[in-house]
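Colleague: Structure in C-alpha cells, see below.
Since every read-out is calculated from the coordinates, none of them should be taken as a lab result. In this text the structure is predicted, and so the values were computed from the model without any measurement.
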Amino acid sequence: IVVQTHANPDQSVSIFGLFAFPARWYPWALLVFIQLLVPAVSLLGHLGGILAGLLYMYGWLRLPSATTASVLEARFPHFVVGGA
C-alpha cells in the first residue's frame, strides 16, 4: 500500500468507500481505522509494515539482487518452500 500510494501521492483513496484521504496519508489512516475496528490486531506488525514500505520508497531498504538471493537460498535451503 505504501509503495502504491507514494507512486500517486495526489490521488484520493477511500477506506471501504466511507472516508476519503489523500493517498500519501492512506496507510496511516488505514492503520488507525483497522486498530479502532479490530483492537486485537497487531499494531506493531502493521506499523512495521508501513515503516518498511517507507524505508523501501526512500531507498534505505533494498531488496537483495538475484545473485544474493540465490546464494542465500543455497545456504539456507530449509527456509525456501520446496527446499531440502
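Colleague: Quick one: what are the phi-derived ³J(HN,Hα) couplings along the range 67-73, Karplus 6.51/-1.76/1.60 with θ = phi - 60°, whole Hz, x for glycine and proline?
Modeller: So the Karplus estimates, Gly and Pro as x, are 5, 4, 4, 5, 5, 5, 5 Hz.
Colleague: Further question on the same structure: Ignoring everything except DSSP H segments at least 4 long, calculate the 222 nm mean residue ellipticity for the chain; use -39,500 (n - 2.57) per segment, divide by total residues, nearest 500.
Modeller: -15500 deg cm²/dmol
Colleague: What do you get for the angle between helix 43-57 and the principal long axis of the chain? Use alpha-carbon atoms, 0 to 90 degrees, nearest ten.
Modeller: 70
Colleague: Here is a further query. What are the residues whose amide H is under 5 Å from the amide H of V13, where those residues sit 5 or more places off or on another chain and H is modelled from the backbone?
Modeller: F21, A23
Colleague: Something else about it: From the Cα gyration tensor of the range 22-72, with a ≥ b ≥ c the square roots of its eigenvalues, which class applies: rounded if a/c is under 1.5, or else prolate if a/b is larger than b/c, or else oblate? Walk me through the intermediate numbers first.
Modeller: Working: a/c = 4.26, a/b = 1.99, b/c = 2.14.
Verdict is oblate for the range 22-72.
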